[in-house]
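Okay, so here's the structure we're looking at.
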Protein chains: 2
Amino acid sequence: MAAARRTSRDIRSESRLVLMRALLAAGESTRNGLAEETGLSLATVSTIVGDLLKYDIAAETGLLTGGIGRPTTGLRLNADRGRVVGVYVEDRYLEATVFDAALGRLATVEATADEPVEEADDLIDWIGSAIDAALERAQANRDEVLGVGILLPGGMQRPVKAAAVLPNAIWLHLDRLRDRLGLPVVVDNPLKAIATSELWLGAGRRSANVVAVSLGYGVGAGIIQDGAVVRGATNASGEWGHSLLAFEGRRCQCGREGCVEAYVGIPGILQTLTETAPDHPLAASTACFAFLDALAAAAEAGDPAAIATIERSAHHLGAALTDLVAVLNPEVIALTGWNVGPVTRERLMSTVRQRVRDDAPGDAAADLAIEFSEQCGMDGIAAIALERFMRDIGLVTTRVPAL
Amino acid sequence: MAAARRTSRDIRSESRLVLMRALLAAGESTRNGLAEETGLSLATVSTIVGDLLKYDIAAETGLLTGGIGRPTTGLRLNADRGRVVGVYVEDRYLEATVFDAALGRLATVEATADEPVEEADDLIDWIGSAIDAALERAQANRDEVLGVGILLPGGMQRPVKAAAVLPNAIWLHLDRLRDRLGLPVVVDNPLKAIATSELWLGAGRRSANVVAVSLGYGVGAGIIQDGAVVRGATNASGEWGHSLLAFEGRRCQCGREGCVEAYVGIPGILQTLTETAPDHPLAASTACFAFLDALAAAAEAGDPAAIATIERSAHHLGAALTDLVAVLNPEVIALTGWNVGPVTRERLMSTVRQRVRDDAPGDAAADLAIEFSEQCGMDGIAAIALERFMRDIGLVTTRVPAL
């Protein structure tokens, strides 16, 4: 990519998204309220509101007479402008969720398969059927659909080395998927989706510098800097899970040695337990969220090996989060995943916060908030599909995924 | 900091800097040429050029008659608009360089002290005298000085924990320094300065996503994303040197265990030699650039321990750079420092590049260039002082350091 060339058209486009997000956050607002909230001039706000009204993306809600001064016209996002659909797919599990145009959830359909679905044609059919079922459940017509967003691990541009069968089956057959769906499709990876979710619906509403950290089987980070999602040169930013915790350390599933994920991902936590207490009953577990729940329960019941494993994992996580603080200096780290109970969460977080405070360089963590977040990739991919629709109608020029 | 609120004024401001940088890169250009180069509309370019001409920041160079079509008016930055001064200061070494307003170097004064200069009054006098001497050498009057930029390690907002005496002596007495100099002063840290140098003069001219890596006694990174310097919430971003190479590894001078700097900084390389060959003659060296030169010379003469140390250090550096690739996915990593000869550099870089290629997640490093750069913090702090001058006269609103 050449050096960024931001034109006045890009700026208008950016301002439109800023205003849409402000309107979504407010629920209902006015031109004056939006100008105050966004820092844009009233003239700019009025122009943008005009664009959004023209395309039915916003709607007027009648005169607001509360407070002092003349009554002013209320504004909101037009939830009924259309529908967007988010899709999450694994080889045996699929979820399709229908949202309205104000990112409200209308209906979800989940599907499971006994055998991994790996053939491209089968996958495409599976996705298509789930979308059809979700639209039916949401009582939505296909012609109302503004866009479909698909969460897909891996690079945007090309299949990645050592990738699982599934993402490649979709990457390689994206045209067939588009033909089957007959709808505008955008594909983006979960890290960009959680960052976008934070930007539209979460910590990004109040802070310009946020790192959204996803903790699960794998781990990664979505980055917001100066109010925009950081994508990097090839949309591959945020692979914090494959940055280093320990030089020449544990072998990671990606092939590298010592990755953060090999310690902080669920299989890594299981390995920490195995190293701590090889004969522990949970050491024979399969690495999945149920293992994490069982480990938390054991720790809460006073099991020393479980407590030691959680404590050690908290040190691993704290050290790895400190790296994000050192390099990116965010205001907020928003953690998602690890839906363990409040007792375990508190045990974890007191160690994590202490470790970050102790280890972060200089005053980089002085005003940092580390918090759990309710944001998720599904909401984020819906917001990306909405951004992509804005681009399709010519209101947005700035970088949204090209695929 | 609240969520970024970019107004149309900010956008004009940003466009002005984009255009100034394009004009600097071109040397001489035209309104049409600048429109083509920046992607800004001809109308926008003409407006901005009008602003720059009005404030004498740009100048017309007469009619250009080469090529086809009507002759057009040439434009260049007005180098004689004024002078900016960059200052680098350590406790026994000080450098002041005078630049013209097109960032051309005019004169440099260096000063050394036998004893560390630690008292605030002494430091302030030392800096003031060096600036006076440099201005005299550049035949510049004080009233021509648009701004002074001071490179200073540590946080922007407040003294950092475990900081050396010197930066704190300046941080705590910045008002007295301003009074003594009687000139507009901006202070910024070396990481932001090397990023700004790459943006104005280096890889940032052709790439929107660049990481400028500074290798020396300490190490760090200046980050450019989407054509702008990433500062983070408290201007503390880029402390890659204090991100983790090895969990519970070597003690770093910052107090943390296992920092990149503890392996890749010059004292870290010396420690690697000491661990490899405790009885090696160079193991008794002081950790400084002369040690690195001697190590390189020994390796080039075939000394196995020196070769092993360089090889091991290349693995450390490659692993640590891979983390930047994983998290930030840049197009270019521009390395500064380590001014070792071409043989050692080639030995280093082949290992570094191989390691990054092998370890980077997915295709994040597929199009990555890792190269040595001639940019330096001194040029960067001069550019920051120039940006700050643009702010002082009201042409720039976007974030430049506040101090």
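If only one of A:Glu346, A:Glu331 is acidic (Asp, Glu) and under 15 Å from B:Thr234 (Cα atoms), which one is it? Let's see the steps before the verdict.
On the way: A:Glu346 fails: under 15 Å from B:Thr234 (Cα atoms).
Testing whether each residue is acidic (Asp, Glu) and under 15 Å from B:Thr234 (Cα atoms) leaves just A:Glu331.
When you check B:Leu270 against the structure, is it within 14 Å of another protein chain (Cβ to nearest Cβ) and buried (at least 21 other Cβ atoms within 10 Å of the Cβ), yes or no? Let's see the steps before the verdict.
Working: within 14 Å of another protein chain (Cβ to nearest Cβ): no; buried (at least 21 other Cβ atoms within 10 Å of the Cβ): yes.
Taking the combined requirement at face value, the residue does not satisfy it.
For the stretch A:226-259, which positions are aromatic (Phe, Trp, Tyr) and under 22 Å from A:Asn209 (Cβ atoms)?
A:Trp240
Given the condition surrounded by fewer than 23 Cβ atoms within 10 Å (Cβ to Cβ) and charged (D, E, K, R), answer yes or no: does some residue in the stretch B:313-330 qualify?
Looking through the stretch B:313-330, none of the residues is surrounded by fewer than 23 Cβ atoms within 10 Å (Cβ to Cβ) and charged (D, E, K, R).
Taking the conditions exactly as written (within 8 Å of chain B (Cβ to nearest Cβ), open to solvent by 10 Å² or more (accessible area, probe 1.4 Å) and closer than 21 Å to A:Glu374 by Cα), does A:Ala228 satisfy them or not?
Values: within 8 Å of chain B (Cβ to nearest Cβ): yes; open to solvent by 10 Å² or more (accessible area, probe 1.4 Å): yes; closer than 21 Å to A:Glu374 by Cα: yes.
Yes, satisfied.
Residue check, A:Thr344 against (1) assigned to a loop (DSSP other than H, G, I, E, B); (2) open to solvent by less than 10 Å² (accessible area, probe 1.4 Å); (3) at pLDDT below 95, all met but one. Which one?
(1)
Could you go through the stretch B:131-142 and let me know if any residue there is closer than 15 Å to B:Tyr88 by Cα and surrounded by fewer than 19 Cβ atoms within 10 Å (Cβ to Cβ).
The answer is yes; a qualifying residue exists.
Looking at A:Asp367, A:Asp358, which one is assigned to a loop (DSSP other than H, G, I, E, B), more than 30 Å from A:Ala290 (Cβ to Cβ), more than 21 Å from the chain's Cα centre (by Cα) and within 14 Å of chain B (Cβ to nearest Cβ)?
A:Asp367
Quick one: A:Leu63 ticks every box in (1) surrounded by fewer than 16 Cβ atoms within 10 Å (Cβ to Cβ); (2) aliphatic (A, V, I, L, M); (3) not assigned by TED's automatic domain parsing to the domain that holds A:Gly33 bar one, so which box is it?
All conditions are met except number (3).
Considering every residue within the stretch A:338-352, establish whether at least one is aliphatic (A, V, I, L, M) and within 14 Å of chain B (Cβ to nearest Cβ).
Checking the stretch A:338-352: not a single residue is aliphatic (A, V, I, L, M) and within 14 Å of chain B (Cβ to nearest Cβ).
Identify, from the list B:Gly204, B:Gly238, the residue that is within 14 Å of another protein chain (Cβ to nearest Cβ), open to solvent by less than 20 Å² (accessible area, probe 1.4 Å), of a type outside the set (D, E, K, R) and in a helix (DSSP H, G or I). So that I can check it myself, show each step before the final result.
On the way: B:Gly238 fails: in a helix (DSSP H, G or I).
On inspection, the qualifying residue turns out to be B:Gly204.
Mind checking which residues of the stretch A:71-126 are charged (D, E, K, R) and assigned to a loop (DSSP other than H, G, I, E, B)?
Matches in the stretch A:71-126: A:Glu90, A:Asp91, A:Arg92, A:Asp114, A:Glu115, A:Glu118, A:Glu119.
In the stretch B:299-313, is there at least one residue being more than 14 Å from chain A (Cβ to nearest Cβ), in contact with a His (Cβ under 6 Å, 6 or more places away or on another chain) and modelled with pLDDT of 95 or more?
Among the residues of the stretch B:299-313, at least one is more than 14 Å from chain A (Cβ to nearest Cβ), in contact with a His (Cβ under 6 Å, 6 or more places away or on another chain) and modelled with pLDDT of 95 or more, which makes the answer yes.
Quick test for you: out of B:Gly222, B:Gly218, pick the one residue that is open to solvent by less than 10 Å² (accessible area, probe 1.4 Å), touching a residue at least 24 places away in the same chain (Cβ under 8 Å), more than 8 Å from chain A (Cβ to nearest Cβ) and of a type in the set (Gly, Ala, Ser).
Working: B:Gly218 fails: open to solvent by less than 10 Å² (accessible area, probe 1.4 Å).
Answer to the check: B:Gly222.
Across the stretch B:45-79, what is the total count of residues that are under 30 Å from the mean Cα position of the chain (by Cα) and within 14 Å of another protein chain (Cβ to nearest Cβ)?
Qualifying residue count, the stretch B:45-79: 2.
Have a look at A:Ala294, A:Ala306, A:Ala262 and point out the one that is open to solvent by 20 Å² or more (accessible area, probe 1.4 Å), free of Cβ contacts under 8 Å to residues at least 40 places away in the same chain and in a helix (DSSP H, G or I). Before you say what the answer is, go through the steps one by one.
Working: A:Ala306 fails: open to solvent by 20 Å² or more (accessible area, probe 1.4 Å); A:Ala262 fails: open to solvent by 20 Å² or more (accessible area, probe 1.4 Å).
Among A:Ala294, A:Ala306, A:Ala262, only A:Ala294 is open to solvent by 20 Å² or more (accessible area, probe 1.4 Å), free of Cβ contacts under 8 Å to residues at least 40 places away in the same chain and in a helix (DSSP H, G or I).
The values are calculated or read from the model by the stated rules, or taken from the named source; none is laboratory data. What you are looking at is a predicted structure, and each value in this text was computed from that prediction instead of being measured. For neighbour counting, all protein chains shown are included, and Cβ atoms are generated from backbone atoms with ideal geometry for every residue, glycine included. Note: areas computed on protein heavy atoms with side chains; ligands, DNA, RNA excluded. Shrake-Rupley method; radii C 1.70, N 1.55, O 1.52, S 1.80 Å.
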